[in-house]
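Structure first, then comments.
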Amino acid sequence: MSVGMPGPPAPALAADQQQAPAKIRRAVYAGGVGNFVEQFDYGLYGYMAPMLASSFFPGGNSAATVMSTYAVLAVACVFRPLGGTLVGRWGDRVGRKKALLWTIVMMGVSTALIGALPTYQQVGFLAPLLLVLIRTFQGMISGGEYVGAVAFIMEWAKPHQRAYYTSYASNSCFLGILGGAGVAALVSTAFEQPVLESWGWRIPFLAVLPLSLLGLWLRSRIEETPEFMRETEGGTNIVKAPVREALREQWRPILVFCGASIMLAILSYTWVTYYPEYLTSNVGLTRSQALLSNLISVAVLMPLLPLAGKLSDRIGRKPMLIIGALACIFLVPLAFAIGEQGSFTAAVGSQLVYIVPEFFLTGIVTTCSAELFATRTRFSASAIAYNSSFSIFMGVTPFIAALLVDGFGTIYAVWAYLAAAAVLALVVVTVFMKETYRSELGANKFA
C-alpha cells in the first residue's frame, strides 16, 4: 500500500486555514446548505410517494402507482451523470463558488415547481410527463451540487482533519432528510387524508424556495477556496478541458470510487426512502409510526458522524470502508429481522442496528468523493465518479427494493442486493484503493 505523506502546506493556504477558523465554519455552512435543500426535497419525495402517486398517476393498483413514483426518481437520477459532468466542468473552470451559487437557485426553483404542478385528474398524462421533466432537470443540477459542496468544504478544511470537516456535509444531507421526514410527518398529522392528498402535500415543496434563497445568501458571503486559488494561480491557470483530463488522468480513482460507493447508495436509500414505506405496507405500522422511527434513527446517527470523521482521520479511510462493508453483510439482516417483529419499538431498534454500517461508511465515502482526485480537475472527476455510481444507485434503489420485495415476498431479497454490492466494495477497497488520509490534497493519488 502506498501512502503519500504530506509536505509542508503552501504559505498562503496555511495562513488562510490558521488565521480564520470562522471562514472554515462559514464554508461548512455554505457548502452544507445546498446538500440540505437537495436531501430535504429527496426525503419529501420519498416520504410523500403515496400522495404523489395518487396525484400524478391513474388510480388502480396502489403498489404499482407507488413504484411508478419511485421510477420517476430513478429516471431523474439516470441523467445526473450528464448534469454533474457539465456543472463539474464549470466548477473547475470558473471556481467552486460561482458554480454552487447557480446550483442552489435552480434546485430551489425546480422543487417549488413540483408543488405547483397540475394533477393527473386535471390534465391527464401531461401531469406525470411534467413531473418527469422537472425531476430530470433537478437531477442534472443535483449531480453537480453535492460533489461541488464536498470539494468546497474539503478545500477549506484544515490538513489532516478533512474527514472531520466533510462529515458535516454528510450531516447536512441527513439534516435535510430529517427535515423532510419531520415536515412530512407534521403535514400528515395536520391534515386529514383527503386534504393531504388534494393539496396539503404541496406545502413542503413550495417551502424549499425560501430555503434556497437563504443558501444563496450564505454562499455569496464566502470567498473561493484557497486550495483552488493556489492550484490555479488565482484562477488564471485553469484546465481548459477538465472533463477530458479527468477521464485521461484519473480514470483509475474514478473506477475505485464507483466500486466502493455503490453499497452506501443502496444502504442509505433503502433505509431513508424505502424502509418507512415497507414498515407501513408490509409490517403493519401506521405511516406516522414508520416515519417517526426513521426520524429517530437519523437523529441518533447525526452526532456520531463527526466522531467517525475523527476516527478516520486517525486510522485512515480503508479500515473504515472495510468494516462498513462487513457490517452491511452481517448486521443488515439482523436489523431486518428485528423490524419484522411489527412493533414501533422493533422498528426503532432495527434502524439503530442499521446505522452501524452507516457510521463507518457515510462520511468516509463523502470524503473519498473529493480526496481521491487532484484539485485542478476535482470537481469534474468527482462528479463523473459520484454520479456514475452513487447517484444512479441512489435513484434506482427504492424502485428495485420495492420490486424485489414484491417479487420475492421478503425484505431479505433487498439484503442480498446490498450484500452483492458490499462484496464488490470489499474487493475494490482491499485490492485497488490507495490510502489517502495523509496525502497532499492537490496531488493525483494514482499517478
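The values are calculated or read from the model by the stated rules, or taken from the named source; none is laboratory data. What you see is a predicted model, and the numbers here were worked out from it, not measured in a lab. For neighbour counting, all protein chains shown are included, and Cβ atoms are generated from backbone atoms with ideal geometry for every residue, glycine included. Heads up: the accessible areas ignore ligands, DNA and RNA and are worked out on the full protein's heavy atoms, side chains in. Shrake-Rupley method; radii C 1.70, N 1.55, O 1.52, S 1.80 Å.
Observations on the model:
- Placing +1 on each Lys and Arg Cβ and -1 on each Asp and Glu Cβ, with no other charges, gives the chain a dipole about its Cα centre of roughly 1060 debye.
- Which listed pairs, of Lys97/Lys240; Lys23/Lys318; Lys158/Lys310; Lys23/Lys98, have C-alpha distances above 24 Å, in listed order: Lys23/Lys318
- The calculated FRET efficiency for the pair Leu307 and Glu440, based on their C-beta separation and a Förster distance of 41 Å, comes to about 0.95.
- Inter-label distance for Ile238 and Phe408, nm, one decimal - labels placed 7 Å from Cα along Cα-to-Cβ: 4.7 nm
- Neighbour net charge for Gly235 - beta-carbon separation under 14 angstrom, K R +1, D E -1: 0
- C-alpha long axis of helix 305-315 to longest principal axis of the chain, angle in °: 40 degrees
- Inter-label distance, Glu223 to Ala416: 5.7 nm, where each label sits 7 Å from its Cα along the C-beta direction.
- Sorted largest first, the spans of the alpha carbon positions of the chain along the three principal axes are 63, 44, 37 Å.
- A Gaussian network model of the chain, with springs between Cα atoms under 10 Å, assigns the largest mean-square fluctuation among Met229, Met48, Met154 to Met229.
- Computed helical MRE - 222 nm, the chain, DSSP H runs ≥ 4 contributing -39500 (n - 2.57), nearest 500: -24000 deg cm²/dmol
- Comparing mean-square fluctuations of Ile24, Ile266, Ile296 from a GNM of the chain with C-alpha springs under 10 Å, the top value falls on Ile296.
- Spacing of the two label points (7 Å from each Cα toward its C-beta) at Ala116 and Leu255, in nm: 4.7 nm
- Loop sites here are GluC sites (Glu not before Pro) outside DSSP states H, G, I, E and B with no more than 11 other Cβ atoms within 10 Å. The longest part of the chain free of them is 234-447.
- Comparing Ala337, Ala419, Ala99 in a Gaussian network model of the chain where C-alpha atoms under 10 Å apart are linked, the largest mean-square fluctuation is found at Ala337.
- With all protein chains in place and a 1.4 Å probe, the accessible surface of the chain carries 68 percent carbon and sulfur.
- Nearest 10 degrees, 0 to 90: helix 208-220 Cα axis against the chain principal axis: 10 degrees
- Since only Val78, Ile177, Leu321 are under comparison, the one whose Cα sits farthest along the positive direction of the charge dipole of the chain, derived from C-beta charges on Lys, Arg, Asp and Glu, is Leu321.
- Ranked order, Lys240, Lys97 - accessible area, probe 1.4 Å, largest first: Lys240, Lys97
- Around Arg287: net Lys/Arg minus Asp/Glu count, Cβ-Cβ under 15 Å: -3
- FRET efficiency for His160 and Val75, using Cβ-Cβ distance with R0 set to 35 Å, rounded to 0.05: 0.25
- Cα-derived Rg to Rh of the stretch 198-290, Kirkwood definition: 1.16
- Calculated FRET value between Val195 and Leu247, using beta carbons and R₀ = 60 Å, to 0.05: 0.75
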